[in-house]
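Everything below concerns the one structure shown next.
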Amino acid sequence: MERQNQSSSLTCENLPSFLSSFVDTFVDFSVSGLFLPQQQQIPQQPLQTHYPSPNRLVAIGDLHGDLEKSKQAFRLAGLIDGSDRWCGGSTTVVQIGDVLDRGGEELKILYFLEKLKREAVKSGGQLITLNGNHEIMNIEGDFRYVTKKALEEFDVWAYWYDIGNKMKSLCHGLEIPKNPFLGIPPSFHRVPEEFSHSIRARIAALRPDGPISRRFLANNLTVLVVGDSVFVHGGLLEKHVDYGLQRINDEVRDWINGSMGQRAPEYCRGRNAVVWLRKFSDEFAKNCDCSLLEHVLATIPGAKRMIMGHTIQEIGINGACDNRAIRIDVGMSKGCINGLPEVLEIDRNSGLRVLTSNPMYQNKNQYAQTKEGLGLLIPEHGPKQVEVKA
């Protein structure tokens, strides 16, 4: 009630003094990643599914609501400095999806990634983000893996978003803001009343055409090809390639933007979906369908490997099927297994290697640098090709 009274006294005349009185709060939230610095919005560009091979390519696995571990992964690859600003130069970075769920700093990570995208472009680099199964789930309203802290974060977002809409509605000449809560029930069966507003805020933010989903998730790719590497959260089957990788990306964006109903496209749902598949990511190499993977890669011109997240690899980033399947989800979030951050680096000259914070490799002085890559086929437990970052 106090918040409502506070914002209801706003007028266009007292808007400057109102903003001044909240400047400290805005600064605090900006530092924590909740608000972006005031910059021009990046115009929406047509989705690009295929990219040429860069000099340096870095792949980062599932982040799951853990902002500090996310930053550690970026630092490990030399992509951000001590002030969390982009310092990766012309590096191309792919984040494989699953920013949402299991942790309480989802929005902060989304804003952090958006900030880095803007900074990377200015340096000739780029950060490309993918949709994971947890993005798809949340847009559909499946909140099974949300945490209490995450609900609180969305409560804060809803409060400030509401204030912003009230400010706009008081100024003549501006379009009346759309009510993001329109059509959402005030309560839910079997949901404690104390969480009802938080659930409503999360639905409003993330449903198709929601303010957060449209701004941060709609331009994510679902499938990506960079040089000879195919990136996808779960995995691809031949039927997905036949359907069309560009078509998948375009349709998922249209769905998130609210033009294709409430349910995700069929290829994003079920155990064989592009964001759910585990046929090539089982921790035991004998359980990976290498012949199927070989066949799928053969249908994508120039593809040598598929890089996936989704399935936690407790032993760290590794390769199976003669390194045609690279699995990069190390469960780094404290909401998963609190794994040590690792990232995959693909250098045009030296090939594949794993950058890791695992101290067991700190005494190793030399590492093989072969084009063939990671040298780790489960369950053989061969040596990982790594570089340790303290």
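What is the sum of charges around Val330, taking Lys and Arg as +1, Asp and Glu as -1, for the other residues whose C-beta is under 11 Å from the C-beta of Val330? Cβ neighbours under 11 Å give a net charge of -2.
Mean sequence separation of contacting Cα pairs (under 8 Å, at least six apart), scaled by the length of the stretch 213-362, corresponds to a relative contact order of 19 percent. Sparsely packed loop sites in the stretch 250-320 (the chymotrypsin sites (Phe, Trp or Tyr not before Pro) outside DSSP H, G, I, E and B with at most 13 other Cβ atoms within 10 Å) comprise Phe284. Note on the stretch 214-342: with neighbouring protein chains present and a 1.4 Å probe, carbon and sulfur make up 46 percent of its accessible heavy-atom surface. Using the alpha-carbon positions of the stretch 203-335, Rg (one decimal) and Dmax (whole number) come out as 15.4, 45 Å. Applied to the stretch 210-226, the Karplus parametrisation 6.51 cos²θ - 1.76 cosθ + 1.60 on θ = phi - 60° returns per-residue 3J(HN,Hα) values of x, x, 7, 5, 5, 6, 10, 10, 4, 8, 5, 8, 10, 9, 9, 10, 10 Hz, with x for Gly and Pro. Accessible-area rank, largest first, for His310, His189: His189, His310, with all protein chains present and a 1.4 angstrom probe. Under a 5 Å amide H cut-off, with hydrogens placed 1.01 Å from N, Ala77 pairs with nothing among residues at least 5 apart or on other chains. Here the stretch 273-309 and the stretch 110-144 have alpha carbon centers that stand 23 Å from each other.
The values are calculated or read from the model by the stated rules, or taken from the named source; none is laboratory data. Since this is a predicted model, take the numbers as computed values, not measurements. Cβ coordinates were reconstructed from backbone atoms using ideal geometry, including for glycine residues, and neighbour counts include every protein chain displayed. Ligands, DNA and RNA are excluded from the accessible area calculation, which covers all protein heavy atoms including side chains. Shrake-Rupley method; radii C 1.70, N 1.55, O 1.52, S 1.80 Å.
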